[in-house]
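The values are calculated or read from the model by the stated rules, or taken from the named source; none is laboratory data. In this text, all values refer to a predicted model and were calculated from it rather than measured experimentally. Glycine also receives a Cβ, built like all others from the backbone with ideal geometry; neighbour counts cover every protein chain displayed.
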């Protein structure tokens, strides 16, 4: 999995480019020393071009504006693929999960009322799925670039077997990242829903980013875990698309 971002894209809605979302995108582009590609639509390109240029120039960030005629999730998805972006930033809205599901790159979702600040605290939930560990390299790379620490929150059901498995995944991730020079904190939570436990813990710790997997396993009438966290979290969420388990190492990365 590619973890060192070289092309970051941001989807700009026609109803507005919120300052917090733009600041988050500029901050990531500056830290990873890469160009920010802004996908905007005819009605809003000229309105925000001056603001984007001012902020990007002030932050010493290279940027490119990509103009599209029709606003839609499909247009953003197609443009990101054509661009070969390795991280997309979008507003946390009704289209977020559609975009996340369509792409195989990490997607950062940001609420409209978010106020950008330095990334110093990352929360990463671990639960009872082998894929849960695949977000570790992304979280670790973010922590290294920002000089942030990671809170690993292990959330388990009550069975002894599940607790053993979840604790093993979490301790393995803790050991791996600590050996790579990233400061980690470990917390175990017995019972509770993964989405609510994660959001509550992130709020309590005043986290700056939550890193999760794209969890598609939901019933026909229920939302996925990732969708619930995107919808409910006031903190930006990076969603990582899982790979086939046969393509990852024994550690699950």
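In table form, for the structure just shown:
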read-out: Flag if residue 138 is at pLDDT 95 or above, at negative phi and in a strand (DSSP E or B); value: no
read-out: Answer from 105, 122, 150 - the residue that is outside any strand (DSSP E or B) and crowded, with 17+ Cβ neighbours inside 10 Å; value: 105
read-out: Selection status of residue 60, on the phi > 0 side of the Ramachandran plot and outside the structural domain of residue 136 (by TED's automatic domain parsing); value: yes
read-out: Subset of segment 52-92 (residues that are touching a residue at least 60 places away in the same chain (Cβ under 8 Å) and part of a strand (DSSP E or B)); value: 87, 88, 89, 90, 91
read-out: Those residues of segment 164-196 which are touching a helix residue (DSSP H, G or I) at 6+ places or on another chain (Cβ under 6 Å), in a helix (DSSP H, G or I) and either surrounded by fewer than 15 Cβ atoms within 10 Å (Cβ to Cβ) or free of Cβ contacts under 8 Å to residues at least 40 places away in the same chain (or both), in sequence order; value: 195
read-out: Among residues of segment 140-151, those that are in contact with a strand residue (DSSP E or B) (Cβ under 7 Å, 6 or more places away or on another chain) and either farther than 12 Å from residue 207 by Cα or not assigned by TED's automatic domain parsing to the domain that holds residue 175 (or both), counted; value: 2
read-out: Check on residue 123, closer than 23 Å to residue 193 by Cα, in contact with a strand residue (DSSP E or B) (Cβ under 9 Å, 6 or more places away or on another chain) and modelled with pLDDT of 95 or more; value: yes
read-out: Residues that are within 19 Å of residue 108 (Cβ to Cβ) and touching a strand residue (DSSP E or B) at 6+ places or on another chain (Cβ under 7 Å), drawn from segment 49-61; value: 52, 56, 61
